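Below you'll find the structure, written out as structure tokens, and then a few comments.
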Amino acid sequence: RAIYVDVAAAKLAVVPDELDVADGEITGPNGVATSYWELADDSLLDRAATGEAAPKPESAYGVVGTDVARLDLPDKLTGRPRYLHDLVLDGQLYGRVVRPPSRGAKLRDLDTGPTLALPGAVTVVRDGEFLGVIAEREGVAVRAAERLRADARWDERSTLPDEDDLPGFLVSAAAETSVLASKEAGEPVISTRTHTARYHRPYLAHGSIGPSAAAALSHPDGRLEVWSHSQGVHVLRRELASALGLSVDQLVVRHVEGAGCYGHNGADDAAMDAALLARAVPGRPVHLVWSRADELAWAPFGPAAVVEIGADCGEDGGVLGWRHEIWSGSYMGRPGTTPTPAFLAAADRAGGEPIRAGGEPPVEWGGGTGRNSVPGYDFPSYRVINHLLTEMPLRTSALRSLGAFVNVFAAESFLDELAVAAGRDPVEFRLAHLSDPRGRAVLEAAALRAGWATWAPREAVGRGIGYARYKNAAAYCAVVAEVEAVEEVRVRRLAIAVDAGLIINPDGAANQIEGGAIQATSWTLKERVRFDEFNVTSDTWETYPILRFSEVPAIDVELIAGQGNPPLGIGECAQGPTAAAIANAVYDALGVRVRSLPLTAEQLIAAMPG
């Protein structure tokens, strides 16, 4: 804006301070005017950004801080085609991939005759352990994939650990151990009691209602076009070129909206699948949609994790020393972050070799497994230790909030355990350890909104609180959950207070918080990837249930005024506090502390004494 105002001032022969800008129009004294479009010249912006331009004062904001309607909702609410799944290209064919029956399986024998005999079947594509079909119509592609799956013979071996002892596997697996953060007490402290607890979360699927999809067109001259709902089209382009032996200039990747993804789902894998199939039929585009089973069984998972926390406490139960220890696989499995191409099909072409995840981003960048593991409270001393597993039995990558979900769930559950042991109110206990005024404000606001001080105990109904500042540097969030626990746990209400600094679009911010809280509720109550010694078995909505629309709790969000403070970003601030608030509310309702997610009836019964 400053650059264009300077150019406009020179053109209009006025001083820059005499000009106003609104909706792209630049106006000055005596009716002089121009616009961004009249001045537009690429060379104007070809210069270093100095950061010296003065931002518009908040008092002059006309859009920032107001609710702005989303332009995409009418199409989505009325079912108009706009998703990649709806894409129809000229001459389009349809593809399906036949995944191996288990991790590391080797294709021993294949009879393609019955598949190719189906009316409308075009071809079968085999490349190493990669197996796919192409057909003239989508229904034929589905039937052809089923036929091909039945006529394939695989050699299998067991590669997965005992799911019932997954925490034991995690803490005993090979890992790279590091100290993420530590703080020594300024003065010697004498503790009178100690407390230790171990928490666990299972592998989690993205669970998008729509599965991954892609389309690709291979030109006769070797050029390749790909349509994808990837979160990183530039990296996808580079990694596809590398995996396929093409130059980057031979590839075009176009983004088309797909199913919601919070991290790294199967979108990039589907793009590679479509590219391989399209190269078998140059000149005709291939549209591919994963099956529900493939989506739930083969897309990257959020890693399972164990968190063990210990505390030394004083006479009043207050924390004097804190130890937070993590065992988890990596969240870095996106294309461009792994030592080998991060595509399922690339691994299949290489003989079914597992895809190795990347490392661990520094805590200063927000961290991965260690996200929100550093205490945000005023503990005199603490130590955070991370055991990053060097190999995981199931493929893992980024999933909404990364390690913050399990770290905050564990830490805030543990704080409640300490408060109970000390006979202190959970909100008061937190405030006693927190001097940050903005953190205190969201805790107090959430408690007030939920009627914490006037709560009347009721049978099988409980309330709980969770708090964190996302990444220790972004939005502050406190959640109070009200649950009913009879035959199963049902979350009735979530009261949420968030301070994210200046809010650009309050409606969008509330949407982000509500969506995060709903998904965290689903993770906390229902979701768990199931597997046997060979493969993932939770590949249907019956075996991998998510929260139903009828089970969504009432959600009350308060955005604490952030005027005068820079935007912090909402991010995924609600995930961890929501999980902890629900777990703490379940304890309040039943007197049962469940430290392993999800909080199913089976887990509750297992945690009951006797």
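Throughout, read-outs are computed from the coordinates displayed, never taken from laboratory work. Please read these numbers as outputs of a predicted model, since none were measured by experiment. Backbone-built Cβ (ideal geometry, glycine too); neighbour counts: all protein chains shown.
Using the 4.7 Å Cβ rule, please list in number order the cysteines from the chain without any candidate partner.
If one checks each Cβ against the other cysteines of the chain, C261, C313 turn up with nothing under 4.7 Å.
Is the shape of the range 379-537 rounded, prolate or oblate, going by the alpha carbon gyration tensor and its root eigenvalues a ≥ b ≥ c, with a/c under 1.5 for rounded and a/b larger than b/c for prolate?
Since a/c stays below 1.5, the shape of the range 379-537 is classed as rounded.
Roughly how many whole Å is it from the C-alpha centroid of the range 554-610 to that of the range 368-402?
One Cα centre to the other: 18 Å.
Of the DSSP beta bridges with both residues in the chain, give the percent that are antiparallel, rounding to the nearest 5. Intermediate values should be presented prior to the final figure.
Working: 78 of 102 bridges.
Here the share of antiparallel DSSP bridges comes out near 75 percent.
With Cβ to Cβ distances under 15 Å as the rule, what net charge do the other residues near R493 carry (K, R +1; D, E -1)?
Details: positive: R449, R458, R463, R490, R492; negative: E482, E484, E514, E551, D556, E558, D588.
Net charge in that neighbourhood comes out at -2.
For A173, which sequence-distant residues (separation of 5 or more, or a different chain) have an amide H within less than 5 Å of its own amide H, given hydrogens modelled in the peptide plane?
Under 5 Å from the amide H of A173 lies no amide H from a residue far enough along the sequence or on another chain.
Nearest 5 percent is fine: what portion of the DSSP beta bridges confined to the range 167-274 is antiparallel?
Details: 5 of 10 bridges.
Counting only bridges with both partners in the range 167-274, antiparallel ones make up about 50 percent.
Any idea how far the Cα center of the range 312-356 sits from the one of the range 118-168, in Å?
28 Å
At 0.36 nm per residue, and after removing the present C-alpha to C-alpha distance, how many nm does the segment from V142 to D164 gain when stretched out fully? Numbers along the way, then the final one.
Values: separation 22, 0.36 × 22 = 7.92 nm, distance 3.43 nm.
This chain segment gains 4.5 nm when fully extended.
Rounded to the nearest 500, what is the 222 nm mean residue ellipticity of the chain from helices alone, with -39500 (n - 2.57) per DSSP H run of 4+ residues and division by all residues? Walk me through the intermediate numbers first.
On the way: 16 runs with 164 residues, N = 610.
Only helices count here, giving -8000 deg cm²/dmol.
Provide the net charge surrounding G351, with neighbours chosen by a C-beta distance below 10 Å and charges set as Lys +1, Arg +1, Asp -1, Glu -1. Provide the component values of the computation, followed by the final result.
On the way: positive: K106, R349; negative: E129, D348, E353.
Around G351, the charge tally is -1.
In the set [x] 1.42; [y] 1.08; [z] 1.22, which value of Cα Rg over 2.2 N^0.38 Å was calculated from the structure you see?
Here Cα Rg over 2.2 N^0.38 Å agrees with entry [y].
Rounded to whole Å, give me the distance from the Cα center of the range 246-292 to that of the range 410-451.
Cα centroid of the range 246-292 versus Cα centroid of the range 410-451: 47 Å apart.
Compute the Cα gyration tensor for the range 452-563, then decide on rounded, prolate or oblate, letting a ≥ b ≥ c be the square roots of its eigenvalues: rounded whenever a/c is under 1.5, prolate when a/b is larger than b/c in the other cases, and oblate in all that remain. It would help to have the intermediate numbers written out before the result.
Working: a/c = 2.33, a/b = 1.39, b/c = 1.68.
In terms of gyration-tensor shape, oblate.
Show me the GluC sites (Glu not before Pro) within the range 503-610 that DSSP assigns to loop and that have at most 16 other Cβ atoms within 10 Å of their Cβ.
Details: sites: E514, E527, E533, E542, E551, E558, E572, E602; in loops: E527, E533, E542, E572.
In loop regions of the range 503-610 (DSSP not H, G, I, E or B), the sparsely surrounded GluC sites (Glu not before Pro) are E533, E542.
Which of S102, S330 has the fewest other C-beta atoms within 10 Å, and how do the rest follow up to the most? The partial results should precede the final answer.
Values: S102 21, S330 25.
The order, fewest Cβ neighbours first, is S102, S330.
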